[in-house]
Each structure stands twice: as C-alpha cells, then as structure tokens.
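Before I ask anything, let me first share the structure, which is written out below as structure tokens.
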Amino acid sequence: MASGALDFDPSVVDARTVAESMGTDPERGLTSDEAARRLASAGPNEITSARPVPKWRKFVEQFRDPLIYLLFAAIVISLAAWLIEGAEGWPFDAIVITIIVVLNAILGYWQQAKAEHAVEALQRMSAITATVLRDGVPSRVPTRELVPGDVLVLGEGDTVSADARLLSAATLKISEASLTGESEAVLKDAHTLPEPAALGDRLDMVFNGTAVTQGVGRAVVTATGMATQMGQIADLLHATREDPTPLQREIARVGRMLGIAVIVIAVVVMATIFLFFGVNSVDDVVTALLLGVSLAVAAVPEGLPTILSVVLALGVQRMALHNAIVKKLSSVETLGSASVVCSDKTGTLTKGEMTIGRVVTASGEVMVTGAGYRPEGRMTHDGAPLEEGSVLWRQTAFVLVGGSLANNATLREENGEWLVQGDPTEAAFLVAEAKLGASDRRTSRFQRVGEIPFTSERKMMTSVEADAERAGKLAVVAKGAPDVLLRRCTHVRVGDAAEPLDDARRARVLDDVERLSGEAFRTLGVAYRRLEVTEPPEMDESLEENLVYAGMVGIIDPPRPEAAAAIAEAHRAGVRVIMITGDHPRTAARIAEDLGIVEHEAVAVSGAELDRLDEEGFREIVRHRSVYARVTPHDKLRIVDALQDDRRVVAMTGDGVNDAPALKSADIGIAMGRTGTEVTKEAAKMILADDNFATIVRAIREGRHIFLNIKKFLRYLLSSNMGEVLTVFLGVVLAGVIGLSHGEDTIVLPLLATQILWINLLTDSAPALAMGVDSEIEDVMNHPPRSLRDRVIDRRMWAGVIVIGLAMAVATLATIDLYLPGGLIEGSRSLDNARTAGFTVLVLAQLFNALNARSETGSAFQRLFANPWLWGAIGLSLVLQIAVVHVPFLNTAFTTSPLSFEQWLVCVAMASAVLWVSELRKLILRRAGALPG
C-alpha cells in the first residue's frame, strides 16, 4: 500500500475482490482516520515534476545577470587600480560595489521568494477536488489527498485524479485523449475484462488525468501519484513554456531598448570625459570606466521583472480574498482589459438557491412557500392548504417524487444547516418533496437500477427504478424541459389515470410554460413509463419514448441583490454584460430586465434563432443583442468567437463540462467554484469561489488597479533612472559652466560611481515595490477598457519620463553649482561637500518622484497618506541617506561629507522642484482632458 498501487492488474479481477484487497467497503468507502493513515504512508497524490531548485542555487541565480557582470567588471577595475597605485589603505570602491552586489542579490532573492509563495498560495486555493465516500458520506477533498482504497464518486464534468477500478457505471464516458491520444470519449463498463488489454481498451478502469464527459459511476482507487499510468509517463505531461503576454513582451522590449541606449550613453559619457578632461593618469581611466559601468547599471531597472512578478502575485492574492482566484498571474493584464462579460444566469446573476414555487398538473396548480434548501414551507391551492391524500395532493406527489428519482443530488442537514451535494435544480425537488412529506415513501419504494444521464444537448435525464409495490417491476422516470419531454409523451396523467395527450392538452401545457416563464420561473417537466419487466433493459434513448406526462414545476431563483449594482458598475466602466442561459427565453428576458442588463424591454434570442442565421447575420445579432436563451455549448463558443472577431476582450463564465471549449476560447474563462465541474475549472483562467457576478466586476476593477500600479512603478523607475543618466551626462558636458572643472586637468564628475550605485540600490527597490501595492487613487471604473493593442509605456509616459528626469538633473546640478566656487552661482564649499549636496538632492528628488508617479494626471496630494508602505519605504531610504552623509566610515566609503542643517533645507527645497514641475504638467494634462494612467 505504501507504494500507492496494487501488485496485480485490477482490470482482470472482480471489482468487489479489488475493493476487498484494498481494505475498502464499496458502500461506505474509507474512514477519515484510515484515509489520513494511508496518506501519510503513500504520500500525496501528485505527479512529481522537476526536482525543486535548492535555495542556495536560487540565490546564486541572482548573480546571473548582464548588469551584475558589469558590476563584477567594476570591482575588478577598482581592485586593479588599487593594486597599481600601491595597495595603500582599503579599496573602498571595490568593497562598496561588492556590498551593493550582495544587497541587490538578497533583495532579488527575497522578492522572488515572495512571488513564489504567493503563487503557491493561489495554487492551493484553486486546487482541484474530487468526490469520495468517507465515513459513508460523499465528501469533496483535494485530489492530492486521495489515497489507494478511496471510493471515487464520478459525475459529468469531473476530472479523474487517480487510477481506479470501476464498481458501477451508468452511461459513463471518459475522455482519455490526454493519456491515449484517442479523441473520442470511451464508454466505460464495470464488467471484468476476460484478459489483460491495452491501456485504451481497459473499459473497467478509469485513469488519472482523464475527464468524465457523460454519465455517472463509482470506482475504487488502485493507484495514486507516480504509481498511476500518468505518473509513469510524467515526462509527456510537463507543461510547455507559455507565450509571453503583451505586458511581458513590452517589458522585455523596453529592457532591450534601455540596454542599447545605456551602452551608447555610457560610451558617449566616457568619450566626453576623455574629450573634455583628457587622460592624465591610470586613475583617470579607472574613474571614467567605473562611471561608465555604474551609469549603465543605474540606468536600467534590473529589478523590474522581479518587482512585476511580486506586484502581480500580491494583487492576485488580494483578488483571492474577494473570492476571485486567478490561476495565472499573466491573466491579470487581460482581466483589466475585459470589454465584454458573458455570464450564465443561474447562481451567478441569481442566488443559485433553486426553489420550487409552483407545481402544475392537469388536476390543478399548487403554490409552494419557503425559499432556499431548508425543507420548511406550505403547499396551497386556491389559497387553501393542500389536503393530504386528495387527488391533487397525489398528483403533486407524483411530480415531486418523479423529479426526486430522476436526480443525483443529495440533501443533508449538518450543524443546523442544510447542505446540497450536486445540481441545485435537482436539490429543489428533494426540498419540495420533503415539504410535502413524501420523501420516505420514495426511498422505501424505489431502487435505482439504471440511468440515462442529462446532457446539455438532450436537455433531459432518465432514471430506471425497481418498484417494490409492483413486485420489482421497472419504471422509467424522466425529468427535463417541458417542450422536450412533450415530444416523447403520448399520454398525460389526469388524477390517477393516464389519458391520451391531444393537441389541446399539449397547447395548454405550453401556455403554462409561457405563463410561468413570464413570471421568471424556470420550468421542468416530469414524465414516466411503466415497464412490465424486472430485469434492467439496455440503457438507451428508446426507453424515453411513449412516456406519460405527469406535470411540471416552476423553479424560482431570485436575482442576487448585488448583481444589479455590479452590472451598473460594469456599464459605467464601458464593459458590456451579456446573459447566456439555457432557460426559457421569457425567463431570461425578465431576469435581464430586472437586473438592468438591457435598458429597454428585454427580448431574448433563442438558440433555435441563432441556428437559422448565416455567419454575417450571427455577428450582427451578437453586436447588438445581450440576452440569449436555450443556447447550446456550441452557440456559446460561436458567441465568444464573434465577439473576439469584433476586437472585444471577452470574459466568459461556465460551470458544465460542455462550457469548457467556450471558456478556453475566451480571453478570460471563468469557472464556478461551487457548482463548476473540475473540467471547467481546469479550462478556466479564473475561478469564482462564490459563483457571484459581482465578484467578476470586482476582479475587473482589481485588474485595472493592478495594471495602473504597474504603470506607476514603471513611470517611477524609468524617470528616476533617466534623472541619474541626465545628471551625469549634463554634468560632464556642462562641467565648465557649473564650476566642476574650474581649471583642473583631472576628471571631476558630478557623481561618483559608488554614489550612483547607492542611489540605484536605495530608490529602485523598496519605493517601487510599495508603489506596486498602492491604493486606488483615481476611479479606475470611470473610463473605458484599455485596448490590448495600447502600449503600456506610451508616448505620454515617455514624455513624462524625460521631463521629470530633466528636472532631477537640473535640480542636482544647480545645487552642486550653488556650493562650488565659480560657475553660474559663486559658492565656497569643497568639491566633496558640493557633490554630497547634489548626491542628496538626487536621492530626495527620487523620493519626491515616488509621490509624483502615483498618477499620470492626478495630483500627488490626492490621497497623499493612503499608502503606508510607500511612506515606510521613503522613510527607510531617507534614514539610509542621512547615514551615508553623516556616519564617518560611510563618508570614507562614498566620498561624502556632512551637510549643515541649512544645506539640508536647501537640498529638500531643490529636490521638491521635481514635485512642482510634475504638478504643473499634470494640470496641463487634466485641462487637456487626458485619461488617468
């Protein structure tokens, strides 16, 4: 058992014998304690991928970067110069650069670890689950906790998460394409094979990694984890590298562009130094080389990809707290750009608490009170309580018991709360049956012997039951859309007798369907047929002919109170909402009108109408109509494709296995967390833990917010680094103007290499990361969706980067000129003191820039203190800069000298120029009507 697999081929052994050998009761499954013991012994049910990368190797990986190689070159250059000059004192430049390299690596490792931990947490939230029998009760457990001997309960849409031997199967079809490559679903059978067979021919087995496309079944787990067939060929399942998203491609493009530009700038700066100052010593060459290398390192925000990953991961974790579990970080970019949301009705726009409110039979109509799954309520007819035992009571019981037989849901009470396992619509029959008091009669009289499962194409389900009151003779009970059932019926039950179903009676039933649908009821009919045999027949659709129509129920699912507000919010944000449902067109139209999906009187387009349209007509309908009813999964896929062809970014919800193609095709496929099948959850990019439409709109808002935060730290990093480059370049070119050269032959620079690297370390990490988790400054839902074709870093952002970078450079160089003798402004301070003041101004200017960069158009004073993390990062950077200026050994390391209090005030005032330049630019943009960004 520890290996997680049997030592014999279970496909050629009787299922009961297999269960016994696994120490399992096929009717009750394992106990919770036994399952825990086996999990500890066999290990988690997981396919082992590549061996995890050790922490030390992840840390070493931080040094594998072209920019770090440049810093290593700087260390070598500095040490070589120190040795050439006699190795006197400490090689402070080399030591400082080494410390900066190590600190950069530590920061990079920490950020990467934080992103990985966030992703792991999300994976745990979106973990696939399976239904198993534990302690005799069906329970949902994470698939990694499956153990050999568990009894799987399989239904349409489930993912098979372990190898298992079938105990029973009813029209069970399994898609095994991921394992065998066979595109057609395989019809499974619990009968023992006479001899060993190839993998694709083991009809009495189900395998890990496959999916249930139809039917139901139970199976005992025979192998888990690496002992499964999928585990044995795990190398074939390793995920391929995904194509980068537009955002990732743009970040890479900007990185390449900056890399080329920086090399050019560094070469130009070094050439300008040699041109203006000449080369008089080895020290001059070393100074120029160190400056060029440091400038290249400072100009490129090397932490950008890591910060991007951390910001996305933290943002997605915030979404998860609000029940929107985004499976892939890159999907956030698309989510924020969604322009259309195609939503199912039941459980998403409505509460999903299906409640039978009407029972309509040929003998009369019954009103049912009570809502939700608590079986408490009354049944009345014409305002009076329904009399038990009356003809109408018996016919009502016939309908509700029939609907409860053609049913795979379970209803149970746990700690005072009524819980549903299975389809909420099916559960509604169980609740209404309990209100009538007929549940015990059903369970004692009938026993299921076969089933023809529901499919979205058939729109009905049939159960074959052995009737104890008829000496075990069989009865066929069908439940489905009334119009579908009527086509298979020849008689109608009137009182206790079956009478021919003539045209008048058919018309009356259809009129009742229209009437109830107009009152927002979903209608389901019940029909039956008695067989004069006791042996189970072949389970095929021939059993569903010559039925007797018993009646129908009207099921109400009230709209969620928050859905209408969420739809209004989506419309305000320029996001179109489309409702796609399998319900009756009038039911769909009424709900859509109540929720405000359409402004005028709603008219639903049916699947039949869509089928009659040519391709151009179909596209035209999709452009203008927002309510679709009685649609098939294929119709959903066509709607998504038509919207995407119209250049829309589409989010699509779904819960059934047949929704998976549409979800996969949509830009953002959204699976239902509560009612969604495991196949749907695998196909989706996002899972709604609460099945609530309002959560989708909240996620779109969060997606837009995350994207704006990404733009914030991009704006901050690029403009700050531009300030460093322009400071050095203009400082060299204008050295004579601002008094830097003052007649000396040696190279005199506005900033030293170690100072530039310090600025880069101080301002590029903590403030940028804090900006990535900034609160919402502007209302992100007050403007239309961003097109995926729009550049993340557009012309307006580049213009701002250059303007702010130039303002930083001017403020820094003006401060140096203020304190140096000569230049435009006569000063009297030493070079080290003047350079320290300029160095401090550039640091402070970048901290002011962290406030500027929070919005492209909004004032920096708007919600100024809304982000405590940003103020913490600014405070930390300020404290470290004060230390560099005033701590003696740091003065030596960075060639700085202490500043007076008056000089600090001047530095703050000069650095604040960045803030005022930015505020003026934003005012101009606001008056020009620019959108926030």
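The numbers here are math on the coordinates, done by the rules we state, and not lab data. All of these numbers come straight from a predicted model, not from anything done at the bench. Here Cβ is always computed from backbone atoms with ideal geometry, including for glycine, and neighbour counts include all displayed protein chains.
So for each of 496-507, 398-409 I average, over its residues, the number of other beta carbons within 10 Å; can you give me the resulting order with the highest mean first? Walk me through the intermediate numbers first.
Details: 496-507: 12.2, 398-409: 25.2.
Going from most to least packed, we get 398-409, 496-507.
Let me ask you something else. Please order 224, 348 by the number of other Cβ within 10 Å, starting at the fewest.
Values: 224 31, 348 28.
The order, fewest Cβ neighbours first, is 348, 224.
What net charge do the residues around residue 668 carry, taking every other residue with its C-beta under 12 Å from that of residue 668, with Lys and Arg at +1 and Asp and Glu at -1? Provide the component values of the computation, followed by the final result.
Details: positive: 327, 328, 648, 664, 685; negative: 333, 667.
Cβ neighbours under 12 Å give a net charge of +3.
If you don't mind, there's one more thing I want to ask. At what distance in angstrom do the alpha carbon centres of region 857-933 and region 530-558 lie from each other?
76
Take each of the peptides 891-899, 665-673, average the number of other beta-carbon atoms within 10 Å over its residues, and list them starting from the highest.
665-673, 891-899
To continue, here is another question. If you take the square roots of the eigenvalues of the alpha-carbon gyration tensor of region 809-933 and sort them as a ≥ b ≥ c, do you get rounded (a/c under 1.5), prolate (a/b over b/c) or oblate?
Oblate, since a/c reaches 1.5 and b/c is not below a/b.
Tell me whether region 545-626 comes out rounded, prolate or oblate; compute the Cα gyration tensor, take square roots of the eigenvalues as a ≥ b ≥ c, and use a/c under 1.5 as the rounded threshold.
oblate
To make sure I understand, if each residue's beta carbon is the centre and we count other beta carbons within 10 Å, what order do 869, 56, 758 fall in, fewest to most?
56, 869, 758
Quickly rank 320-326, 561-567 as a protection proxy: mean count of other C-beta atoms within 10 Å, highest first. Provide the component values of the computation, followed by the final result.
Numbers: 320-326: 21.0, 561-567: 18.1.
Those peptides, ordered most packed to least, come out 320-326, 561-567.
Oh, and also: Enter the mean projected area of the convex hull around the alpha-carbon atoms of region 393-469, in nm², rounded to one decimal.
With the hull built on Cα positions only, its mean projection is 5.6 nm².
May I pose another question? If neighbour count is taken as other Cβ atoms inside 10 Å, put 812, 17 in order from fewest to most.
By the 10 Å Cβ count, ascending: 17, 812.
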